[in-house]
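Here is the structure we will look at, set down as structure tokens.
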């Protein structure tokens, strides 16, 4: 009996000990979601610089996708917290009325904090709690501003290649379908002036006009004068046109259609050329073809105007590729993504993907966030982009992708795609270094628990963060970009003196020689 | 792995005096592992436990007829499933984690000579040997549903805590079917007190495994 009691006692002590020790598991820190404008998450951040920095640090810690890459490059995000928190405390201690933090100093401080981050798309907007103004910091802009071709902000015009002086490089056919507000607005104004001239001429021919006729003649002349002198230079001019001029002359039965492509990313340049009877060129400054090719803008005269032009350029390019390839006359294809800021991944099928077999093209791998931890990542999955599904030829002739410092995002993915092909070559300069995919709509935040944190111009901070991490064969290329197979700087002197585009001419040489 | 187990068996045999208090054996069983993680705001991510197998070698030194010290070297799988609901329901990862465990337990037994009940209580140390992913993923950018199998999860030395320590306990019955042979059936729990992640960032976010299983063991009694 004594033995049994002893056993029970020992077992009871042991079980109690185990139960006690079991409680030694720790619990996680509380982490809020910054994916939406959540008052609880952002409330403190609107009251002090310390709380604002703490929240921004946490939001980036949990949502930013390349902390392992940053660590390899020498950044310790915890150290950033430790280093800059005292600076934030100093800001809080300043008298808001007598010694407020200036926007310039505030921006400089956050540039210092964020500049080590290498993601090519990252933009952070932070509210200066003393002035109420917001400052924006884009680390990739700061980094790339040091590059020699950063200040090249436009693709060289094709004018020289439309003349016989270009010799064998002459474009036999050229369509410029650039979506620029001026094209539509000046067309509308020209049509209105034509109408006014038709109204003015008969009135002027009347020798003995009535008061009413004089009244209208004066009005017509004033309208013609105002429209003739209208110049579209800035967004203010665009607002003036849209909000004033379009309705100002209704009394005269003169109406102008508004320019209603409000999404600036849809203002792309699309150019097609047939150079040297068989080198088919497509240049585009943004991957926003789909809204035009899917006729998403045709509900307005403005949208229809641009849709018809973009469709015509793209369809001519793709149809000529089919015709020349089938006739054995295709010498090569040039895709010009210089100064291309990127856009829709699905556009790939209408650009490089239009030259490849149907069924998709894996250009890289991707990983996504799976938890709040800095290193919580999914397995790598194929980053496959769509290729053209309708019947088309597979281009076996040389393909050149022209790229430069301002080739960003989908433009860089196109370069990566070209690098996978035996018959393709990337020519130009190193690309921007922002290959990760994004979704700027906060409504999609919870799809991958990344993308946008906060609400722009509303919450005490806002950050535009990639949704996934694109991993190429060479690894993560954020802040580095795609290295061209043949590096060619744009010869600015040659361009200025003759109009010749040294990068385009190198592409033509590659197509002709294979070197 | 096999070499490591063999090494421990040989080591155990070489250091233990062959006497009546000693017994050695092998065990095999299945475990269901529960992964404890705070999902925070990622509410449509779900974590389910998953089955795995365990096997090992056992040595036991009987201090008296009801008290013993037990040593084991075990291979154990601490698996779990992570998946999403909603629009990305195709995202579903099965994670297979293989550990080597060395439990040391006090074993208390009671009952008759042939049939005895027992209770094991102790601690274990372990090491995370490997981790693999299988499953599927929906990439909305490419519109592709990707399947993958046995993809190695590369350990991140900054993130992953490969050493594992915790508590172990079990209850079971023993049937002695021969003067030198006995069989045991045991329900056991490994309760890890070590997070699978190191404290690698300022935000603290520990994750723990709890493996509950059923074991069958056969012993040779010296």
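The values are calculated or read from the model by the stated rules, or taken from the named source; none is laboratory data. This is a predicted model, so every value here is computed, not measured. Glycine also receives a Cβ, built like all others from the backbone with ideal geometry; neighbour counts cover every protein chain displayed.
Is it fair to say residue A:301 is in contact (Cβ under 8 Å) with a residue 12 or more places away in the chain and within 26 Å of residue A:190 (Cα to Cα)?
So residue A:301 passes the test.
Against the conditions (1) out of contact with any strand residue (DSSP E or B) (no Cβ under 9 Å at 6 or more places or on another chain); (2) modelled with pLDDT of 95 or more; (3) more than 14 Å from chain B (Cβ to nearest Cβ), where does residue A:43 fall short? Just the number, please.
Only one criterion is unmet by residue A:43, namely (2).
Quick check on residue A:343: is it more than 10 Å from chain B (Cβ to nearest Cβ) and in contact with a helix residue (DSSP H, G or I) (Cβ under 7 Å, 6 or more places away or on another chain)?
Numbers: more than 10 Å from chain B (Cβ to nearest Cβ): yes; in contact with a helix residue (DSSP H, G or I) (Cβ under 7 Å, 6 or more places away or on another chain): yes.
In short, yes.
At the interface with another protein chain (Cβ under 9 Å from one of its Cβ atoms) and under 30 Å from residue B:221 (Cβ atoms): is that true of residue B:121 in this structure?
Yes.
Tell me whether the stretch A:439-458 contains one or more residues that are touching a helix residue (DSSP H, G or I) at 6+ places or on another chain (Cβ under 7 Å), away from chain B (no Cβ under 14 Å), modelled with pLDDT of 95 or more and not in a loop (DSSP other than H, G, I, E, B).
No, the stretch A:439-458 has no match at all.
When residues of the stretch B:151-182 are filtered for being touching a residue at least 40 places away in the same chain (Cβ under 8 Å) and assigned to a strand (DSSP E or B), how many remain?
The qualifying residues number 15.
Within the stretch B:110-158, count every residue that is closer than 30 Å to residue B:24 by Cβ and over 23 Å from the mean Cα position of the chain (by Cα). Step through it out loud before you land on a result.
First, the residues of the stretch B:110-158 that are closer than 30 Å to residue B:24 by Cβ: B:110-130.
So of that shortlist, the ones also over 23 Å from the mean Cα position of the chain (by Cα) come out as B:110-116.
Going through the stretch B:110-158 one residue at a time, the tally reaches 7.
Being under 28 Å from residue B:155 (Cβ atoms) and outside any strand (DSSP E or B) is the filter here, so list the residues in the stretch A:357-368 that pass it.
Correct list: empty.
If residue A:412 satisfies every condition in (1) within 14 Å of chain B (Cβ to nearest Cβ); (2) part of a helix (DSSP H, G or I); (3) under 29 Å from residue A:35 (Cα atoms) but one, which is the exception?
Of the numbered conditions (1) within 14 Å of chain B (Cβ to nearest Cβ); (2) part of a helix (DSSP H, G or I); (3) under 29 Å from residue A:35 (Cα atoms), the odd one out for residue A:412 is (1).
If we keep just the residues of the stretch A:369-381 that are more than 8 Å from chain B (Cβ to nearest Cβ) and assigned to a strand (DSSP E or B), which is surrounded by the most Cβ atoms within 10 Å (Cβ to Cβ)?
A:369
In this structure, does residue B:94 turn out to be more than 10 Å from every other protein chain (Cβ to nearest Cβ), in contact (Cβ under 8 Å) with a residue 40 or more places away in the chain and not in a loop (DSSP other than H, G, I, E, B)?
Working: more than 10 Å from every other protein chain (Cβ to nearest Cβ): yes; in contact (Cβ under 8 Å) with a residue 40 or more places away in the chain: yes; not in a loop (DSSP other than H, G, I, E, B): yes.
Against the criterion (more than 10 Å from every other protein chain (Cβ to nearest Cβ), in contact (Cβ under 8 Å) with a residue 40 or more places away in the chain and not in a loop (DSSP other than H, G, I, E, B)), residue B:94 qualifies.
Quick one: is residue A:117 surrounded by 15 or more Cβ atoms within 10 Å (Cβ to Cβ), part of a loop (DSSP other than H, G, I, E, B) and not assigned by TED's automatic domain parsing to the domain that holds residue A:402?
Numbers: surrounded by 15 or more Cβ atoms within 10 Å (Cβ to Cβ): yes; part of a loop (DSSP other than H, G, I, E, B): yes; not assigned by TED's automatic domain parsing to the domain that holds residue A:402: yes.
So residue A:117 passes the test.
So which pairs qualify, if the first residue must be in the stretch A:191-213 and in contact (Cβ under 8 Å) with a residue 60 or more places away in the chain, the second must be surrounded by 13 or more Cβ atoms within 10 Å (Cβ to Cβ) and in a helix (DSSP H, G or I), the Cβ gap must be under 7 Å, and the two must be at least 6 apart or on different chains?
Cβ pairs passing all conditions: A:192/A:227.
Of the conditions (1) over 26 Å from the mean Cα position of the chain (by Cα); (2) buried (at least 23 other Cβ atoms within 10 Å of the Cβ), residue A:51 clears all except one; give me its number.
Condition not satisfied by residue A:51: (2).
Could you figure out which of (1) over 11 Å from residue A:356 (Cα atoms); (2) more than 14 Å from chain B (Cβ to nearest Cβ); (3) surrounded by 19 or more Cβ atoms within 10 Å (Cβ to Cβ) isn't true of residue A:395?
(1)
If you scan the stretch A:69-88, which residues turn out to be within 28 Å of the chain's Cα centre (by Cα), under 23 Å from residue A:106 (Cβ atoms) and either within 12 Å of chain B (Cβ to nearest Cβ) or modelled with pLDDT under 95 (or both)?
Answer for the stretch A:69-88, where residues must be within 28 Å of the chain's Cα centre (by Cα), under 23 Å from residue A:106 (Cβ atoms) and either within 12 Å of chain B (Cβ to nearest Cβ) or modelled with pLDDT under 95 (or both): just A:77.
List, please: which pairs have Cβ atoms under 7 Å, are six or more places apart or on different chains, and start with a residue in the stretch B:99-111 that is within 13 Å of chain A (Cβ to nearest Cβ) and on the phi > 0 side of the Ramachandran plot and end with one that is part of a strand (DSSP E or B) and at pLDDT 95 or above?
So the pair list comes out as B:111/B:117.
Of the conditions (1) assigned to a strand (DSSP E or B); (2) over 23 Å from residue A:466 (Cα atoms); (3) in contact (Cβ under 8 Å) with a residue 40 or more places away in the chain, residue B:127 fails just one. Which one is it?
(3)
Would you mention how many residues in the stretch B:139-165 are more than 9 Å from chain A (Cβ to nearest Cβ) and surrounded by 15 or more Cβ atoms within 10 Å (Cβ to Cβ)?
The total comes to 3.
Only one of these conditions is not met by residue B:206: (1) in a loop (DSSP other than H, G, I, E, B); (2) under 19 Å from residue A:25 (Cβ atoms); (3) in contact with a helix residue (DSSP H, G or I) (Cβ under 8 Å, 6 or more places away or on another chain). Which number is it?
Here residue B:206 meets the rest and fails (3).
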